[in-house]
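The structure appears right after this line, and notes come after that.
Coordinate-derived values only; no laboratory data. Computed from a prediction, not measured in an experiment: that's the story for all the values here. Here the Cβ positions follow ideal geometry from the backbone for every residue, glycine too, while neighbour counts run over all protein chains shown.
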């Protein structure tokens, strides 16, 4: 039996028109280029209290580079699924996966920075029925993902991150 998705937050009603307006492909990619460098440092420095996410739950994932082994930090919108964190490798609907996708595939042990501080997680790609259930949940959580899927022929991948310790995941 599939576990019920808990802890989901939808886009606040007063932000829905803004989110809809800015979820176009070019706007999203421009926003990622501007906001990501800011959030990469702001979120860990403030324990997730501040971000450019306009009320959306944003965390920073740190993962070793697939080829270089260097630590890479990427701000990402996330959704909770019980104690797990769900990340969407949408790249704004780009034709290729985001760089962090390849890094996580090679190095599934990641560190997350968010509202509850930081913690270590193990990532795995969602597949089959779990992916279907989570895809439905993430598109209800943020409808932009459904739009992004129409921009690309590749299937947008989902990752489930499981905490390695009893530390709580970042709050939504």
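Things worth noting here:
- Gain on full stretching of the segment that runs from residue 150 to residue 66 - 0.36 nm per residue minus C-alpha separation: 27.4 nm
- Only alpha carbons enter this Debye calculation for the range 16-163, each as an equal point scatterer, and the log10 of I(q)/I(0) it gives at q = 0.15 Å⁻¹ is -0.75.
- Gain on full stretching of the segment that runs from residue 143 to residue 33 - 0.36 nm per residue minus C-alpha separation: 37.5 nm
- For residue 14 and residue 95, the FRET efficiency from 1/(1 + (r/R0)^6), where r spans their Cβ atoms and R0 equals 30 Å, is about 0.35.
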